Each structure stands twice: as C-alpha cells, then as structure tokens.
Amino acid sequence: MLSAESLAKIDRELAKYPADQFRSAAMSALRIALTERRETGATPEERCLNADVIEFVANYIGIPPVAAYEVATFYNMYDMKPVGKYKITVCTNLPCALQGGVNAAQYISGKLGIALGETSADGKYTLLEGECMGACGDAPVLLLNNHKMCSFMTPEAIDKKLAELE
C-alpha cells in the first residue's frame, strides 16, 4: 500500500521510540503516508487518507487502527476527503485578517473560480480557510500542501505563486 521508500521513512520514525511507545510515531507515519499519496495520486480520491491507508499504517507501526484514526481525524493537516493536487490553506485569523488574509482568500477564490472549501472541477486546486499558522508577522500567509508556508501574499505574490503551479 506504501512504497518501500515511505516504509523506510516510517521505520526511521519508529527507531526514535521504544517498541512499547510506537504510538508516538503515528503522526509522522500518517504524514509520510499522506505525502506519498499526495505526490503519486492521480485523482483527488487518491490524494487523501482513507480507512484502508490508516489501518495499514496502524498495523505497520503496531497500534490499534482506532488509535491512528483518532490522530488522523483530530488534526486538520491530514486530508480525510479528496483534495486537489494543490491544497491552498489561507490563514484568516484576526492578525492575518487585519493584514489582508480575508482579501487574499477572496482574491484566490476569484482567480480559481472556487469558494473556500471547494475543489476546482479539474481536481487541481482546493481552497481552504485555516487557523493561525504562527506567522502573524508575515501576514497574509497561506500554506501549500501542508508543507510550504508562503508569506506576504499580496495579489501580485498570489499571481506569481499560482503561475508557478501551472
């Protein structure tokens, strides 16, 4: 279900913990699984975690599947439903909102033709509203595919970022 490379990464995470505490590696293991699925999935449905993947990860690290499922459903960084190839999460909490976060979200929405919480018809983009990303001084900020923080997202910077993704 996961590549040998991803399993080796999970093994490196497991090596950080005593065998009776492998549950501590659940977050990392799920992140590794999701990253592989995002990079290799051809359709939005293949770019998210599903029950089979979560159960596989749980069994691989030796924890009950429900324990892995609890982690995957608690944190919003795990995509439990289909998302676009590029998941754009815009911070709209107060500090970012005061610095244009809401305007940035509206601008991206207009450029992509999708509302917050939607995925483009071609499956390329998903636009989400996010909670504080801890970069208030760089507002407005967005997070691309849960990994790349983009700061000072003016309309010009947004246009440049979207052009890079084409």
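The values are calculated or read from the model by the stated rules, or taken from the named source; none is laboratory data. Keep in mind that what you see is a predicted model, and the values were worked out from it rather than measured. All Cβ positions, even for glycine, are placed from backbone atoms using ideal geometry, and neighbour counts span all protein chains on display. Please note that ligands, DNA and RNA were not included when accessible areas were found on the heavy atoms of the full protein model with its side chains. Shrake-Rupley method; radii C 1.70, N 1.55, O 1.52, S 1.80 Å.
Could we say that Ala105 is more than 30 Å from Glu55 (Cβ to Cβ), hydrophobic (A, V, I, L, M, F, W, C) and open to solvent by 50 Å² or more (accessible area, probe 1.4 Å) here?
Against the criterion (more than 30 Å from Glu55 (Cβ to Cβ), hydrophobic (A, V, I, L, M, F, W, C) and open to solvent by 50 Å² or more (accessible area, probe 1.4 Å)), Ala105 does not qualify.
Need the failing condition index for Arg38 against (1) assigned to a helix (DSSP H, G or I); (2) in contact with a strand residue (DSSP E or B) (Cβ under 9 Å, 6 or more places away or on another chain); (3) modelled with pLDDT of 90 or more, just the number.
With respect to (1) assigned to a helix (DSSP H, G or I); (2) in contact with a strand residue (DSSP E or B) (Cβ under 9 Å, 6 or more places away or on another chain); (3) modelled with pLDDT of 90 or more, Arg38 is out only on (3).
Between a residue in the range 89-111 that is closer than 13 Å to Thr154 by Cα and touching a residue at least 40 places away in the same chain (Cβ under 8 Å) and any residue that is open to solvent by 20 Å² or more (accessible area, probe 1.4 Å) and assigned to a helix (DSSP H, G or I), which pairs come within a Cβ distance under 6 Å, given they are 6 or more apart or on different chains?
The qualifying pairs are Tyr107/Pro155.
Filter the range 41-86 for residues that are modelled with pLDDT under 90 and among the hydroxyl-bearing types (Ser, Thr, Tyr); which is least open to solvent (accessible area, probe 1.4 Å)?
Step by step, filter the range 41-86, then rank; the result is Thr43.
Can you name the residue in the range 108-140 that is under 17 Å from Ala163 (Cα atoms) and open to solvent by 70 Å² or more (accessible area, probe 1.4 Å) and, of all such residues, is modelled with the highest pLDDT?
Lys111
Take the range 1-34 and flag every residue that is open to solvent by less than 50 Å² (accessible area, probe 1.4 Å), part of a helix (DSSP H, G or I) and either touching a residue at least 24 places away in the same chain (Cβ under 8 Å) or on the phi > 0 side of the Ramachandran plot (or both).
Listed by number, the residues that qualify are Ser6, Leu7, Ile10, Leu14, Ala25, Ala26, Ala29, Leu30, Ile32, Ala33, Leu34.
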